[in-house]
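Input: a single structure, listed below in structure tokens.
The values are calculated or read from the model by the stated rules, or taken from the named source; none is laboratory data. Predicted, not measured: the structure shown is a model, and the values here were computed from it. Here the Cβ positions follow ideal geometry from the backbone for every residue, glycine too, while neighbour counts run over all protein chains shown. Note: areas computed on protein heavy atoms with side chains; ligands, DNA, RNA excluded. Shrake-Rupley method; radii C 1.70, N 1.55, O 1.52, S 1.80 Å.
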Amino acid sequence: MTENTATWQIARPEHHEELLSLLRDFYAEEQLEFHPAPIGPALETLLDDPGLGIVLILTQGGRIGGYLIATAGFSVEFGGHFALVDELYLAPDFRGRGEWKNALAATEEWAAAIGASAVRLEVNHHNEKAAAIYLKYGFHDDQRSILSKPVNPT
């Protein structure tokens with residue numbers, strides 16, 4: 001493997017700051033508000049506790065060019081454990097190479113290893129290009145809306 005080969009690997013705690021920078025980019029692109037107070041510590045917790053999920057990073061030439069965050073969940077509807085692709089982001093110069101497929105394949109391997117029966121993901125309604133990619137990959141649109149409400153508003 002050469003220094004110019006892009007590879008997906010499991011992120012470690014020392015990747016926290018670089019990941020936060022990419023998260024900011026992702027949130028800006030997706031027109032989401034970035035709140036560092038809850039996001040930073042949540043990312044740190046996930047990096048420190050692999051039982052909660054997995055953070056994959058795409059590296060090339062010593063640079064992180066993307067990430068995928070998947071968490072472990074449980075649902076009676078899905079027969080127990082499932083994996084949730086919480087976020088998948090590739091920096092603009094890392095796009096167009098099919099790296100998202102490699103990230104999702106690695107996520108499926110992780111999901112199988114934890115005994116998950118399904119991989120789910122969320123995609124913003126305005127991101128039709130991403131939705132089309134996920135559908136082509138084999139995900140199904142269940143026509144549901146994800147609603148959320150903070151338990152402890154800050």
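On region 57-154, 53 percent of the accessible area sits on carbon and sulfur atoms, based on a 1.4 Å probe. With a 10 Å cut-off between alpha carbons and a GNM built on the chain, which of L19, L68, L121 moves the most? Of L19, L68, L121, the Gaussian network model singles out L121 as fluctuating most. Using a cutoff of 8 angstrom between alpha carbon atoms and counting only pairs six or more residues apart, the relative contact order for region 3-154 works out to 19 percent. Who wins for biggest fluctuation among V85, V76, V119 in a Gaussian network model of the chain, springs between alpha carbons below 10 Å? Evaluated over the chain, the most mobile residue of the options is V76.
Across all directions, the average projected area of the convex hull around the alpha carbons of region 1-105 is 7.6 nm². Report the paramagnetic label zone for H140: residues of region 107-131 whose backbone N is under 13 Å from a point 7 Å from Cα along the Cα-to-Cβ axis. Counting only backbone N, you get 118-120. Over region 1-45, accessible surface divided per residue gives 66 Å², non-protein components excluded, 1.4 Å probe.
The HN-Hα couplings worked out from phi for region 117-123 by the Karplus form 6.51 cos²θ - 1.76 cosθ + 1.60 (θ = phi - 60°) are 9, 7, 10, 10, 8, 10, 9 Hz, whole numbers, x standing for Gly and Pro. Taking the chain as a Gaussian network of alpha-carbon nodes connected by springs under 10 Å, the highest mean-square fluctuation of the residues L84, L58, L32 belongs to L32. Dipole magnitude for the chain: computed about the Cα centre from +1 point charges on Lys and Arg Cβ and -1 point charges on Asp and Glu Cβ, it is near 320 debye.
If a spin label sat at a point 7 angstrom from the Cα of D48 along the line to its beta carbon, the backbone N atoms of region 1-30 nearer than 18 Å would be those of 11-20.
Give me the distance between the Cα centres of region 23-63 and region 79-154, rounded to whole Å. Using only Cα atoms to place each centre, the spacing works out to 14 Å.
Using a simple spin-label model with pseudo-atoms 7 Å out from Cα toward Cβ, R95 and I10 lie 3.0 nm apart.
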